[in-house]
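Below: one structure, written as structure tokens.
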Amino acid sequence: MNKKRGFEIVGKYREQGINLPKRQTKNAAGYDIESAADFVVPSIWKFGVLNVLKFLFNKGKIEDLELDKVQKSIKPVLVPTGVKAYMQDDEVLLIASRSSNPLKRGLSIPNGIGVVDADYYNNESNEGELFVQLINFFPVDYKIKKGERLAQGIFIKYLTTDDDEGGLKERQGGFGSSGI
């Protein structure tokens, strides 16, 4: 049988009770993606936002060490899912937020959607494991429980331009590596 698209459990999670993403209703477009582990998404207010305001009020004057600390404290986290996705070469998996995330949990996918290319599957860097990039804008840390639904994955076909050269290189890494 020739597999077209789907999900598999990443090697290091095979014996850890990971659920493959699934659609919750008959007409749902998205496959609910769960967290592979308990995980804390820190509040951006905890360390960084007040320091950023201080930085802005001081007209950009802040010590380099302090600026680095501020930037690290408000950056998104990558929550592991323990799953990878395979698909056809002309398809992409979009990772979109669940509608309840911002309203109930204060969580958001900071880049709007995640784009998982077909050649991300089984890459050497991380076996193609999907991660959900999240930021927490509520005033307290959010504690994710293993198995909690974080995002939804939607497989779609994509189009290319008439003069597209099809990419001239092979993927050289895992998460966020295709542009490097």
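All of the numbers you see were taken from the coordinates with simple rules; none came from a lab. Every value quoted in this text rests on a predicted model; they were computed, and no experiment measured them. Cβ: placed from backbone, ideal geometry, glycine included. Neighbour counts: every protein chain shown.
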| query | Measuring from label point to label point, each 7 Å out along Cα→Cβ, what is the ARG5 to ARG149 span in nm? | reply | 1.9 nm
| note | Cα extents of the stretch 71-144 along the principal axes, largest first, in whole Å, come to 41, 24, 21
| note | The pairs in LYS3/LYS84; LYS12/LYS75; LYS46/LYS146; LYS46/LYS72; LYS75/LYS145 lying past 19 Å Cα-Cα in this model are LYS12/LYS75; LYS46/LYS146; LYS75/LYS145
